[in-house]
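Quick notes on the structure that follows.
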Amino acid sequence: MASRIPKHRRRRHKHAVGAPPGTLKTDPNGLKPALHLIAYGPSDFTEIDNPDLSTIQQLQEKWPVVWLNVDGLGDIQVLSELGRIFDIHRLALEDLLTMNQRAKIEDYDKKLFVVMRMLEPGQEVNTEQLSIFLGEGVVVTFQEHPGDCLDPVRKRIREGLGRVRNMGADYLAYCIIDAVVDAYFPFLDEVSERLEVLEDDALYRPSPQIAARIHETKRDLLALRRAMAPMREALGLLMQGRTGHITESTRIYLRDCYDHCIMLLEMMESYRELVGSLLEVYLSSTSNRLNEIMKVLTLISSIFIPLSFLTGLYGMNFDRQASPWNMPELRARFGYPVFLAFVLAIGIFQLVLYWRRGWFSKVIRGPVAPPSRRDEDAQ
């Protein structure tokens, strides 16, 4: 059976106990860094895959804003060289190589260091650490492997949509943060649809698989909350103006991003409460179904009780010749068929009686499940 532990919980690069601060250690099996650079201004942009490190400083002098994205953290030499070029603090480089960190903000005077948990595409809840360095006219992002939710930002730069080309590097950093936060909304919409289906299944079609799906959804929501709650704190610090790397005009947009964060957390909390109630509904439905089954078995037993009494009574084989009081029916010509007919009549009478009182109908019919919303949408 495959492990259900999320990827971000399985990947932990730990330093040796007592190692000096700023010690860089990467995963020997990690991907080699793949660089992607976008430099732009109000009227034009340039895009370079795997640029030469020696030309990056020249591009910084030529273009108002430079965005370098690094996919892969498996080469210490490349990362150290990037740290030298962009004047990134050694402690910040150590943090970006330490996986499974909570979202946070660190101000290193020349650079603002932001750590976020970026939701990875797929059915399972996996988050990847996204490290963002913001400096004067430059933004550097580090990811563990290729694939992210930042393509809308790249499209806006390429096509000149919005105001990103007319703003500084701090606005680009905001756009990246906002894209990471907004990527949680589609996944929570899927969780909402999943909960609607689970609600119908838990009430009308309870099974052990439903309980497993409920627990899986509960665990996913907990993982999402662990990723999102620190983001709210980090965005709150940026909004309060405790760093000089964010201009007042960009801070206004961060308020909207902070509101989205609050909205996501409220949705997660409401879904978690709904999951808890679904588990109670499932247990209640299972208990009700068990009670109905016991009711049927009890009814069947009650039908056979008088029949068992009669067959046991006539199975005692008294001798009619010994005494006139010993079962005169034993020598009756049609005693056996009369006895069978009498037993059958008693059974039918009980069945009709129980049916007219509605004791069987509810059990046999069962609750009628309404069509799920997903089925309605398909129609």
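Check every one of the strands (runs of 3 or more DSSP E) wholly within the range 24-81 and list those with 3 or more residues that are closer than 21 Å to Q129 by Cα.
Strands (runs of 3 or more DSSP E) meeting the threshold: 34-40, 65-71.
When the range 240-250 is examined, which residues are found to be part of a helix (DSSP H, G or I) and crowded, with 17+ Cβ neighbours inside 10 Å? Show your work before the answer.
Let us first name the residues in the range 240-250 that are part of a helix (DSSP H, G or I), namely 248-250.
Correct list: T250 only.
Report, ordered by the first and then the second residue, all pairs with beta carbons closer than 9 Å, sequence separation of six or more or different chains, a first member in the range 326-338 that is open to solvent by 80 Å² or more (accessible area, probe 1.4 Å), and a second member that is at pLDDT below 75 and among the acidic types (D, E).
V338/E329
Please find, within the range 82-100, the residue that is nearest to the chain's Cα centre (by Cα) out of those that are within 23 Å of Q60 (Cβ to Cβ) and open to solvent by less than 30 Å² (accessible area, probe 1.4 Å).
My answer is L96.
Return yes when I214 is surrounded by 18 or more Cβ atoms within 10 Å (Cβ to Cβ), under 26 Å from N126 (Cα atoms) and at pLDDT below 90 and no when it is not.
Considered against the rule, which asks whether it is surrounded by 18 or more Cβ atoms within 10 Å (Cβ to Cβ), under 26 Å from N126 (Cα atoms) and at pLDDT below 90, I214 comes out as yes.
Between a residue in the range 60-89 that is under 14 Å from K32 (Cα atoms) and any residue that is acidic (D, E) and crowded, with 16+ Cβ neighbours inside 10 Å, which pairs come within a Cβ distance under 9 Å, given they are 6 or more apart or on different chains?
N69/D148; D71/E144; D71/D148; G72/E144; L73/E144
N166: more than 19 Å from the chain's Cα centre (by Cα) and surrounded by fewer than 18 Cβ atoms within 10 Å (Cβ to Cβ), yes or no?
Answer is yes for this residue.
Can you tell me which residue among S270, S285 is open to solvent by less than 60 Å² (accessible area, probe 1.4 Å), in a helix (DSSP H, G or I) and in contact (Cβ under 8 Å) with a residue 12 or more places away in the chain?
Criteria check complete, one pass: S285.
Collect the residues in the range 38-77 that are of a type in the set (V, I, T) and under 40 Å from the mean Cα position of the chain (by Cα), keeping them in residue-number order.
Residues of the range 38-77 of a type in the set (V, I, T): 38, 46, 48, 55-56, 65-66, 70, 76.
Those that are of a type in the set (V, I, T) and under 40 Å from the mean Cα position of the chain (by Cα): I38, T46, I48, I56, V65, V66, V70, I76.
Sort through A234, A223 and tell me the only one that's in contact (Cβ under 8 Å) with a residue 24 or more places away in the chain and under 16 Å from I105 (Cα atoms).
Details: A223 fails: under 16 Å from I105 (Cα atoms).
Of A234, A223, the one residue that is in contact (Cβ under 8 Å) with a residue 24 or more places away in the chain and under 16 Å from I105 (Cα atoms) is A234.
The values are calculated or read from the model by the stated rules, or taken from the named source; none is laboratory data. The structure displayed is predicted, hence computed values, not measured ones. All Cβ positions, even for glycine, are placed from backbone atoms using ideal geometry, and neighbour counts span all protein chains on display. Surface accessibility is based on the protein's heavy atoms, side chains included, excluding ligands, DNA and RNA. Shrake-Rupley method; radii C 1.70, N 1.55, O 1.52, S 1.80 Å.
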